[in-house]
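**Student:** Let me give you the structure first, and then I'll get to my questions.
The values are calculated or read from the model by the stated rules, or taken from the named source; none is laboratory data. Computed from a prediction, not measured in an experiment: that's the story for all the values here. So basically every Cβ, Gly included, is an ideal-geometry build from the backbone, and we count neighbours across all protein chains shown. All accessible areas refer to the heavy atoms of the entire protein, side chains included, with ligands and DNA or RNA removed. Shrake-Rupley method; radii C 1.70, N 1.55, O 1.52, S 1.80 Å.
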Amino acid sequence: VTLHLNPISSVHIHQKPLVFLLNSPLPLVWKLKTERLAPGIRRVFFVSIGSVVKFEKGNFSLSAETEEKFFPEKNEHLLQWAQKEYGAVTSFTELKISRNIYIKVGE
């Protein structure tokens, strides 16, 4: 699955830390494609067990962290866990089948 990350239109270059929880019932290879995300900013990708994140060429991967994690099985429980762990959830998306996921990041 390719995860496309771009800032919202009102933000020229996104310069804040991000945390992603990438959960799947089956192990996946998450391919990251990014545009206009500032280098050197901490970005964390938690993936379900057996999954990996592949970064495109460039220095984005130098400031990104990937960690396998056991997630709650049901989406409601996952959302509650994320809110408790991080204090807020700005976006939650559930897809049954997809090759590409487009996410706008920003204020």
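**Student:** Restricting to region 58-70, and then to whatever is among the polar types (S, T, N, Q) and assigned to a loop (DSSP other than H, G, I, E, B), can you tell me which residue is most open to solvent (accessible area, probe 1.4 Å)? Talk me through it step by step, then tell me what you get.
**Tutor:** Taking region 58-70 and keeping what is among the polar types (S, T, N, Q), we get 59, 61, 63, 66.
With the extra rule that they be assigned to a loop (DSSP other than H, G, I, E, B), the set shrinks to 59, 63.
Working: N59: 82, S63: 23 Å².
Filtering first and then ranking leaves N59.
**Student:** Next question, about the same structure. Residues S91, S10: which one is of a type outside the set (A, V, I, L, M), on the phi < 0 side of the Ramachandran plot and open to solvent by less than 90 Å² (accessible area, probe 1.4 Å)? Break it down stepwise before answering.
**Tutor:** Numbers: S10 fails: open to solvent by less than 90 Å² (accessible area, probe 1.4 Å).
One residue alone meets the criteria, S91.
**Student:** Separate question: Given the options V53, V44, name the one that is surrounded by fewer than 16 Cβ atoms within 10 Å (Cβ to Cβ), hydrophobic (A, V, I, L, M, F, W, C) and at pLDDT 90 or above. Steps first, answer last, please.
**Tutor:** Numbers: V53 fails: surrounded by fewer than 16 Cβ atoms within 10 Å (Cβ to Cβ).
Going through V53, V44 in turn, just one is surrounded by fewer than 16 Cβ atoms within 10 Å (Cβ to Cβ), hydrophobic (A, V, I, L, M, F, W, C) and at pLDDT 90 or above: V44.
**Student:** Would you check which residues across region 19-32 are open to solvent by less than 30 Å² (accessible area, probe 1.4 Å) and of a type in the set (A, V, I, L, M, F, W, C) and list them? Break it down stepwise before answering.
**Tutor:** Pass one, region 19-32, residues open to solvent by less than 30 Å² (accessible area, probe 1.4 Å): 20, 22, 24, 30, 32.
Result: F20, L22, W30, L32.
**Student:** Is there a residue being basic (K, R) and assigned to a helix (DSSP H, G or I) anywhere in region 41-57? First the steps, then the outcome.
**Tutor:** Taking region 41-57 as the starting set, the residues that turn out to be basic (K, R) are 42-43, 54, 57.
Among the residues that remain, those that are also assigned to a helix (DSSP H, G or I) are: none.
No, region 41-57 contains no residue that is basic (K, R) and assigned to a helix (DSSP H, G or I).
**Student:** Looking for whichever is touching a strand residue (DSSP E or B) at 6+ places or on another chain (Cβ under 6 Å) and surrounded by fewer than 11 Cβ atoms within 10 Å (Cβ to Cβ) here; the options are E35, E73. Which one fits? So that I can check it myself, show each step before the final result.
**Tutor:** Values: E73 fails: touching a strand residue (DSSP E or B) at 6+ places or on another chain (Cβ under 6 Å).
Result: E35 is the single residue among E35, E73 that is touching a strand residue (DSSP E or B) at 6+ places or on another chain (Cβ under 6 Å) and surrounded by fewer than 11 Cβ atoms within 10 Å (Cβ to Cβ).
**Student:** Checking Y102 against (1) open to solvent by 90 Å² or more (accessible area, probe 1.4 Å); (2) modelled with pLDDT under 90; (3) under 22 Å from P7 (Cβ atoms); (4) not small (G, A, S), only one condition comes out false. Which one?
**Tutor:** Answer for Y102: the failing condition is (2).
**Student:** Another one. Please give the number of the condition S10 fails out of (1) of a type in the set (S, T, N, Q); (2) part of a loop (DSSP other than H, G, I, E, B); (3) in contact with a Phe, Trp or Tyr (Cβ under 8 Å, 6 or more places away or on another chain).
**Tutor:** Going through the list (1) of a type in the set (S, T, N, Q); (2) part of a loop (DSSP other than H, G, I, E, B); (3) in contact with a Phe, Trp or Tyr (Cβ under 8 Å, 6 or more places away or on another chain), S10 breaks only (3).
**Student:** Among the numbered criteria (1) in contact with a Leu (Cβ under 8 Å, 6 or more places away or on another chain); (2) in a strand (DSSP E or B), which single criterion is violated by A82?
**Tutor:** Here A82 meets the rest and fails (2).
**Student:** Moving to a separate point now. Output the qualifying pairs, or none if there are none: Cβ atoms under 8 angstrom, residues six or more apart or on different chains, first residue in region 20-36 and in contact (Cβ under 8 Å) with a residue 60 or more places away in the chain, second residue part of a strand (DSSP E or B).
**Tutor:** These pairs meet every condition: L21/F46; L21/K69.
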